Amino acid sequence: MSTTTRTKLRVLISGAGIAGPCLAFWLARTRHDISITIVERSPDRRATGQSIDIRGPAIDIIKKMKLEEQIRALDTTETGTELIDASGKAFAKFGKGEAFTANYEVLRAELAGLFLDATEKLDNVSYRYGDSVTSLEQTEKEVHVTFASGATETFDMIAGADGSSSPTRPMILDAKTLEGSYNFLGQYIAFFTIPKGPTDTKIWKWFNTTKGRCLMLRPHRNNETMGAYMCITMPKHGVHDPAVEAALKGGASAQKRLLREYFANGGWEAQRILDGMDQSDDFYMSRAAHVKLPKWTNGRGVLLGDAAFATFGVGTSLAIDAGYVLAGELSKISDPSEVPQALERYEEVFRGLYKVMGGGIPGYPQFAFPQTATGIWILSSLMWAISKTKVYKLLPKDTEGVGWEPPQYDWVDV
């Protein structure tokens, strides 16, 4: 594309989490005369979310975004991970940047907020909270969209970046493509903030008990609070707990009642965590899922982030990578008629990274959250041995072992 070309392009992004604002960040840096609308069904910025990490090529991309220092300033200050027994004694320890705690650890809401801050101030980016896409119709030249508010608008393309349970996914892809794409991992996770106690440190503490239950405490950057995590893991992928499913439909109060029942006499600091849960104002509970699709694009519609490839441990990194590549391929077009081809190129380029990072961990989460006391003993013995021998040091570091580098594109400053 000529450096003097100014292609008019109207883009709709569904979802203001990680992938959507990252895409907007880079789209605003193309040479197009671009208008970007981001619609988010939440009435305002989401304040909830667990600790997440950034790995692989995504580290290079945040450096290109000139946000590395700000992200480091948001680091949770977690210095490592300890697997503990019911008395709180650690039997396996891992340092920062080794097996569990990454070199870049940040709360999801704070990372999303950083990307929002970087894009909300731009003249060609508009956020709409409290609304969502209810239907869309593609033609050869445009995408006609109807919103929950009743408004109807036309765009040159739509990007679904609205999470693993994406409501736009079935609007963009057909039923055959979607078949078997959403895979429930058999795990439910609740996370919330509780007051920091006198024995809490900057270490991520992980305690397993029977029936796939787990309690975790992870440090926050401040010295007043900790992140609490409560996990319920089923014996197999795809197996649901009817009581938990009912609680998920019943809202936060029903979910808290269920957790009190499931974790009564749960060991370690269960009582303290449950009491803190009742006082928390950021409680959130969800299912863990892996999304795997044979196709991410259709005409003028495209998926990215968890809507396209939710993957445990690397979902945030893949979302950052995808936003960069998608915007980069769109930067090459000279006319809106070329959007479908650009989306196809995005998929072709990004599949190379996804093949390396997007497969998930075989057997996870079941092997890490045993159902029985015997299973816990076996896992504990294995983790003790790994910790003592330090064989994990042979694994690739956060920035190594991927064999994929972000392509170079023609960006401008804004």
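The values are calculated or read from the model by the stated rules, or taken from the named source; none is laboratory data. Remember, it's a predicted structure, so these values are computed and weren't measured experimentally. Cβ placement follows ideal geometry from the backbone for every residue including glycine, while neighbour counts extend to all protein chains displayed.
Numerical summary
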read-out	value
Any hit, region 269-277, residues being at pLDDT 95 or above, in a loop (DSSP other than H, G, I, E, B) and within 25 Å of the chain's Cα centre (by Cα)	no
One residue from Thr199, Thr225 being under 28 Å from Ile52 (Cβ atoms), at pLDDT below 95, of a type outside the set (A, V, I, L, M, F, W, C) and touching a Pro at 6+ places or on another chain (Cβ under 9 Å)	Thr225
Residue count, region 333-363 (criterion: surrounded by 15 or more Cβ atoms within 10 Å (Cβ to Cβ), assigned to a loop (DSSP other than H, G, I, E, B) and at pLDDT below 90)	2
Residue list for region 330-361, restricted to those being over 21 Å from Gln408 (Cβ atoms) and among the polar types (S, T, N, Q)	Ser337
Selection count where residues are touching a Lys or Arg at 6+ places or on another chain (Cβ under 9 Å) and under 20 Å from Ser286 (Cα atoms), scope region 161-190	15
Strands (runs of 3 or more DSSP E) (entirely within region 146-261) containing at least 1 residues that are under 24 Å from the mean Cα position of the chain (by Cα) and either without any contact (Cβ under 8 Å) to a residue 24 or more places away in the chain or assigned by TED's automatic domain parsing to the domain that holds Met285 (or both)	182-195, 203-209, 213-219, 225-233
Looking only at region 4-15, and only at residues there that are of a type outside the set (Val, Ile, Thr) and part of a loop (DSSP other than H, G, I, E, B), the one that is nearest to Leu136 (Cα to Cα)	Gly15
Residue in region 221-237 that is of a type outside the set (S, T, N, Q) and out of contact with any strand residue (DSSP E or B) (no Cβ under 9 Å at 6 or more places or on another chain) present	no
Residue in region 73-94 that is under 25 Å from Phe350 (Cα atoms), among the aliphatic types (A, V, I, L, M) and buried (at least 16 other Cβ atoms within 10 Å of the Cβ) present	no
